[in-house]
Amino acid sequence: MRIAIANDHGGYELKQKIIPYLREHENVEIIDYGCYSNDIVRYPIYAEKVCNAILSNKVDRGILICSTGIGMSIVANKYKGIRAALCDTPYQGMMTSKHNNSNVLCLGGRCIGDFMAFEIIHNWLNYQYEGGRHDISLNILKNLEIHNFN
Ligand code: RB5
């Protein structure tokens with residue numbers, strides 16, 4: 001699986017822990033879209049890079065990290081075809097793969113520790129979408145995108 005990852009200054013430290021974790025423990029290729037330091041940047045710019053990479057099929061899924069994960073999730077969910085899930089627990093990481101088929105995982109770099117992040121990511125990557133009754137909800141979501149978004 002190909003994963004795009006990006007962050008703002010609030011997510012930089014956690015990303016520096018997550019990339020080695022992904023390389024050592026998960027079977028993924030990683031594209032790092034920045035930012036590459038603690039210097040202050042604007043999170044929508046980095047969310048856009050990851051969403052575009054997914055929507056143009058350069059990658060399969062994305063991880064976005066800001067201080068809280070909230071700003072990144074607000075931006076990512078504006079893109080048609082992006083289902084971004086802000087997760088604070090491994091249970092949410094599992095459930096959002098199984099039920100929401102989320103293609104973006106948002107994390108709060110100043111809200112969770114690195115080991116919690118690893119467990120959330122592990123579940124999100126390794127549980128599969130269950131389809132079935134969850135397709136009903138995702139189809140309603142698709143219709144909302146067609147009628148409510150430009
Ligand atoms: C940056 O200070 C902060 O606003 C950002 O990282 C993010 O948490 C926004 O939701």
Legend entry - Solvent-free Debye scattering, log10 I(q)/I(0), computed from the Cα coordinates of region 20-80 at q = 0.15, 0.17, 0.30 Å⁻¹: -0.48, -0.62, -1.32
Legend entry - Sum of side-chain charges, residue 120 neighbourhood, beta-carbon under 11 Å (Lys, Arg +1; Asp, Glu -1): -3
Legend entry - Angle in degrees between helix 114-126 and the longest Cα principal axis of the chain, rounded to the nearest 10: 30
Inset, instruction - Let me know the charge dipole size of region 1-135 about its Cα centre in debye, to the nearest 20, where only the beta-carbon of Lys, Arg (+1) and Asp, Glu (-1) is charged. - result: 400
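Rounded to the nearest 0.05, what FRET efficiency is calculated for residue 115 and residue 138 with R0 set to 25 Å and r the Cβ-Cβ distance? Provide the component values of the computation, followed by the final result.
On the way: r = 31 Å, r/R0 = 1.24.
The computed FRET efficiency comes out at 0.20.
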Inset, instruction - Note the angle between two axes, namely the Cα long axis of helix 133-148 and the longest principal axis of the Cα atoms of the chain, as a number of degrees from 0 to 90, rounded to the nearest 10. - result: 90
Inset, instruction - Kindly express, to the nearest 10 degrees and within the range 0 to 90, the angle between helix 43-55's C-alpha long axis and the longest C-alpha principal axis of the chain. - result: 50
Inset, instruction - Taking H placed 1.01 Å from N in the peptide plane, check which residues at least 5 places from residue 30 or on another chain put their amide H under 5 Å from its amide H. - result: 3
Inset, instruction - Post the alpha-carbon centroid distance, region 23-54 to region 74-150, in whole angstrom. - result: 17
Legend entry - Whole-Hz ³J(HN,Hα) from phi, Karplus 6.51 cos²θ - 1.76 cosθ + 1.60, for region 25-41, glycine and proline x: 10, 10, 8, 9, 9, 10, 10, 9, 8, x, 6, 10, 7, 7, 4, 5, 9
Inset, instruction - Mind listing the long-range amide H neighbours of residue 41? Cut-off is under 5 Å, sequence gap 5 or more, other chains count too, H placed in the peptide plane at 1.01 Å from N. - result: 9
Legend entry - Contact order relative to length of the chain, as percent, for alpha carbon pairs under 8 angstrom and 6 or more apart: 24
Inset, instruction - Would you mind listing how long region 1-129 runs along its three principal axes, going by Cα atoms, in whole Å with the largest first? - result: 36, 31, 24
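What are the chymotrypsin sites (Phe, Trp or Tyr not before Pro) within region 69-150 that DSSP puts in a loop, where the Cβ has at most 10 other Cβ atoms within 10 Å?
Qualifying residues, ordered by number: 149.
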Legend entry - Sparsely packed trypsin sites (Lys or Arg not before Pro) within region 46-150, loop by DSSP, other Cβ within 10 Å at most 14: 58, 78, 80, 110
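Read-outs: derived from the displayed coordinates by stated rules, not from any lab. Just so you know, these numbers come straight off a predicted model, no measurement behind them. Cβ: placed from backbone, ideal geometry, glycine included. Neighbour counts: every protein chain shown.
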